[in-house]
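To keep things clear, I will list the structure first and then write my remarks on it.
The numbers here are math on the coordinates, done by the rules we state, and not lab data. Note that the structure is a prediction, hence the values are computed from the model and not measured. All Cβ positions, even for glycine, are placed from backbone atoms using ideal geometry, and neighbour counts span all protein chains on display.
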Amino acid sequence: MRVAALVSGTGSILDALLAADVPVELVLADRPCPALERAAAAGVATELVARDRFDAGFDRDAYSSLVADALDAHGVDLVAMAGFGTILGQPAHDRYGGRIVNTHPALLPRFKGWHAVRDALAAGVTTTGCTIHVAGLEVDTGPILAQEEVPVLPDDDEASLHERIKVVERRLYPATLRAILDRGTVLPPDDPVPSHPTTAQEA
């Protein structure tokens, strides 16, 4: 399976994938960013599909079609969201549905969205964590592939809690992707519709 990583920022998730020998063959970004430079330095093919080509009016479906075209051109089989700052629309899911994997800093289905760590703290939970899941058209939905808990400490703020979640994420995400590659399918054959586990679980 040919893997593409979609990025927007510094590339910390990408670094974790490469360090774990996940065979990333394409790194695609929605804006110029350090992650593209890291990919090029590692000898990985890069593609910039910039959002700003749409000027003031962003057309999500048109942009998603361009992303899917770029993935098609590189023969991509599996898409790993690695800090990608653009939500993909219907055209991308029409062509890559069930093959887009995402990481989220909470135990889904709780605390969806961009502010998951902040929301977990505001809710007063004592445990949150990291979820690896198949991305759906609706944000932070789709079958769960792996989850691991992270305790919330009494003196945690958003930054400290998020950093500990990232430590788990940088281990769990590569391990989950490697499990997918080893079995050759995104979902485990014995669990076609995974439930929502609340304890550590790897695909």
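Checking each residue in the range 30-46 for being among the small types (Gly, Ala, Ser) and farther than 16 Å from Val3 by Cβ picks out Ala40, Ala41. Within the range 172-184, residues that are closer than 12 Å to Gln147 by Cβ have Cβ atoms under 8 Å from residues that are among the acidic types (Asp, Glu) in these pairs: Leu172/Glu148; Leu172/Glu202; Thr176/Glu202, counting only partners at least 6 apart in sequence or on another chain. From the list Arg99, Arg31, Arg51, Arg95, the lone residue that is surrounded by 14 or more Cβ atoms within 10 Å (Cβ to Cβ), under 15 Å from the mean Cα position of the chain (by Cα) and among the charged types (D, E, K, R) is Arg99. Scanning the range 102-120 for residues that are hydrophobic (A, V, I, L, M, F, W, C) and surrounded by fewer than 19 Cβ atoms within 10 Å (Cβ to Cβ) yields a count of 1.
For the range 91-122, filtering for residues that are without any contact (Cβ under 8 Å) to a residue 60 or more places away in the chain, touching a His at 6+ places or on another chain (Cβ under 8 Å) and either hydrophobic (A, V, I, L, M, F, W, C) or in a strand (DSSP E or B) (or both) leaves 5.
In the condition set (1) closer than 17 Å to Pro174 by Cβ; (2) more than 17 Å from the chain's Cα centre (by Cα), Val3 is compliant with all but (2).
Can you confirm whether Ala4 is in contact with an Asp or Glu (Cβ under 8 Å, 6 or more places away or on another chain), within 24 Å of Val167 (Cα to Cα) and crowded, with 18+ Cβ neighbours inside 10 Å? Steps first, answer last, please.
Working: in contact with an Asp or Glu (Cβ under 8 Å, 6 or more places away or on another chain): yes; within 24 Å of Val167 (Cα to Cα): yes; crowded, with 18+ Cβ neighbours inside 10 Å: yes.
It is true that Ala4 is in contact with an Asp or Glu (Cβ under 8 Å, 6 or more places away or on another chain), within 24 Å of Val167 (Cα to Cα) and crowded, with 18+ Cβ neighbours inside 10 Å.
Does at least one position in the range 31-46 carry a residue that is touching a residue at least 24 places away in the same chain (Cβ under 8 Å), in a loop (DSSP other than H, G, I, E, B), under 25 Å from Arg170 (Cα atoms) and β-branched (Val, Ile, Thr)? Among the residues of the range 31-46, at least one is touching a residue at least 24 places away in the same chain (Cβ under 8 Å), in a loop (DSSP other than H, G, I, E, B), under 25 Å from Arg170 (Cα atoms) and β-branched (Val, Ile, Thr), which makes the answer yes.
Considering only residues in the range 123-156 that are of a type in the set (D, E, K, R) and not in a loop (DSSP other than H, G, I, E, B), the one that is surrounded by the most Cβ atoms within 10 Å (Cβ to Cβ) turns out to be Glu148.
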